[in-house]
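Here's the structure, in structure tokens; my notes come after.
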Amino acid sequence: MAVTENQVSEGAGIDPLDLIDSQRYGAKGAPHDPWKVLRGQPLQKVHAEGFQPFWPITRHGDVTAISGRPDDFSNEADSIIIWTDDQMERAASGEPNAFSQMRTIIAMDPPEHRTFRKVASGFFTPKGIERLDEIVTTSAKAVIDSLGPEGEADFVDKVAQRHPLRVLSTILGISRDQEDHLLELTQQLFAADDPDYAREADSREQSTAELGMEFYTMFNAIIEDRRANPQDDLATMLATATMPDGEPMGLVEILGYYLIVFNAGHDTTRHSLAGAIGAFLENPEQLQVLKAADESVIHTATEEVVRWTAPVNYMKRTAVRDITFTSEGFGDVQIEAGDSLALFYNSANRDDRVFTDPYNFDVTRSPNKHLGFGWAEHYCLGAHLARASIAALIVEIRNRVELLEPVGEASYTASSFVFGHKTLPVRYRISPS
Ligand code: HEM
């Protein structure tokens, strides 16, 4: 049964802006209630005022089915986020900026996507990541040590963002004195809709162009250094990568890789760590379970943190042809060539067809087939590293945190794309390592 855009917007009983408007995420958090409504309805295309129309994909089975068909549902055909009308106009005007020149694997389709993904995938295998165990463990200990034995702090600022910053900077060859600058740039890039983070500039175009230039300058210096002085790190692997035809990888692609590894890796891990601490604050009994259970809880808790937080809230796919799509249990819908689909991983992770008591944070949950790292073709390249980083912090929390309680309201980033805590004020007491 095909459902038209108008029928749906009026009939579904939800306000489509709740699904996609960054300001609403900042004010109200993730739209769990509307997602729950949508998971029980036929697929439907919605039109939130000020945004391009899109199909919200909220069920676990539909997200995996669409992710598994990259030849039909493309990352490359259009952007990976749902555009606002303004962004559509700017894109239509063809005005270039430094980012439109950079090519990243997240915006490629097969077969090219597979070729470029291979360049770095060796580094991100569990075996490759083993080399990073020490970096990850040392970093987690250091951030917890930096808090002192007791006090009050914003855990986003002091813990959640520091840990991935150190880990990613280490593998990408970014020196300690550049870490803070890089953090600022990435916040300006990802949370451009949030007035607390947005860069001061005359226009969005100007700010994007300046950001692109600053990223370029920083990463290009590292590339040149690693070509001259190779080391055993990802920075060298990217700087010296060759393509299957033996030609060196182009500068635009190398820079794109830097950009995606840092940007895809930092805010996501930061939000999952802050979300983990937020979940323990809301469910203090789970902290006791974490402490009492055997070692296997480190693994199950790590997966549950990613399910629970799903920091990549959605990714867009674009239909490259007219498609009759069958949504299990809800019949067929007609998706037209050029239509946008938002795969809401966060909603899929609460689908009760797959998860028992999906709204319970349960550090012992098993099995846990969450989609926090996506699925199939674009499955998160950094998943093992992210897991290792989260697990290292969970170990510190398990072994050392004696008291953890909220001391004020948490706040959230105004972003419907990569979403999570902005601040998390906490009172704590910590034992020495
Ligand atoms: C908890 C932390 C993380 C989460 C929740 C996360 C989530 C995701 C998701 C959902 C995707 C799929 C996007 C799509 O469907 O199109 C993705 C892709 C990707 N992630 Fe992550 N990520 C995390 C950490 C990292 C880290 C640490 C790195 C790198 C060091 C990384 C690098 C990437 C890259 C390069 C891609 C693109 C893969 C491709 O297009 O083939 N991510 N991530």
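The values are calculated or read from the model by the stated rules, or taken from the named source; none is laboratory data. Please read these numbers as outputs of a predicted model, since none were measured by experiment. Glycine also receives a Cβ, built like all others from the backbone with ideal geometry; neighbour counts cover every protein chain displayed. Side chains included, ligands, DNA and RNA excluded: accessible areas come from the protein's heavy atoms. Shrake-Rupley method; radii C 1.70, N 1.55, O 1.52, S 1.80 Å.
Note on the chain: helix-only mean residue ellipticity at 222 nm, from DSSP H runs of 4+ residues weighted -39500 (n - 2.57) and normalised by residue number, equals -14500 deg cm²/dmol. Cross-link partners of residue 422 among lysines, defined as those whose alpha carbon lies under 18 angstrom from its own and excluding same-chain residues fewer than eight positions apart: 28, 158.
Among the trypsin sites (Lys or Arg not before Pro) within region 307-384, those in coil by DSSP and having at most 14 neighbouring Cβ atoms inside 10 Å are 321, 353, 369. If R0 is 22 Å, the Cβ-Cβ spacing of residue 150 and residue 293 corresponds to a FRET efficiency of close to 0.30.
Once the Cβ-Cβ distance of residue 334 and residue 379 is raised to the sixth power relative to R0 = 45 Å, the FRET efficiency obtained is 0.95.
With protein chains left intact and a 1.4 Å probe, residues in the chain average 42 Å² of accessible area per residue.
Could you tell me what a quarter of the Cα convex hull surface of the chain works out to, in nm² with one decimal place?
Values: hull surface 82.4 nm².
Computed as one quarter of the Cα hull surface, the answer is 20.6 nm².
Length gain on complete extension for the stretch residue 87 to residue 366, per 0.36 nm per residue less the alpha carbon to alpha carbon distance? Intermediate results must be reported in sequence, preceding the final value.
Numbers: separation 279, 0.36 × 279 = 100.44 nm, distance 4.15 nm.
Separation in residues times 0.36 nm, less the Cα-Cα distance, equals 96.3 nm.
Among the GluC sites (Glu not before Pro) found in region 332-433, those both in a DSSP coil and sparsely packed, with 10 or fewer other Cβ atoms within 10 Å of their Cβ, are 336, 409. Cβ-Cβ distance of residue 407 and residue 175, R₀ of 30 Å, FRET efficiency by 1/(1 + (r/R0)^6): the value works out to about 0.30. Coordinate range of the alpha-carbon atoms in region 82-229 per principal axis, descending: 54, 40, 31 Å. Helices meeting the span-like rule in the chain (full DSSP H runs, Cα extent of at least 30 Å along the helix axis, mean Kyte-Doolittle score of -0.5 or higher): 251-282. The share of accessible area on the chain that comes from carbon and sulfur is 51 percent, using a 1.4 angstrom probe.
Estimated at 0.36 nm per residue, the fully extended path between residue 79 and residue 427 surpasses their Cα-Cα distance by 121.2 nm. Under the combined filter of DSSP loop state and at most 12 neighbouring Cβ atoms within 10 Å, region 35-139 retains these GluC sites (Glu not before Pro): 49.
Just round it to a whole percent: the fraction of Cα-Cα distances in region 287-367 exceeding 19 Å. Present the calculation step by step, with values, prior to reporting the outcome.
On the way: 1748 of 3240 pairs.
Of all Cα-Cα pairs in region 287-367, 54 percent lie more than 19 Å apart.
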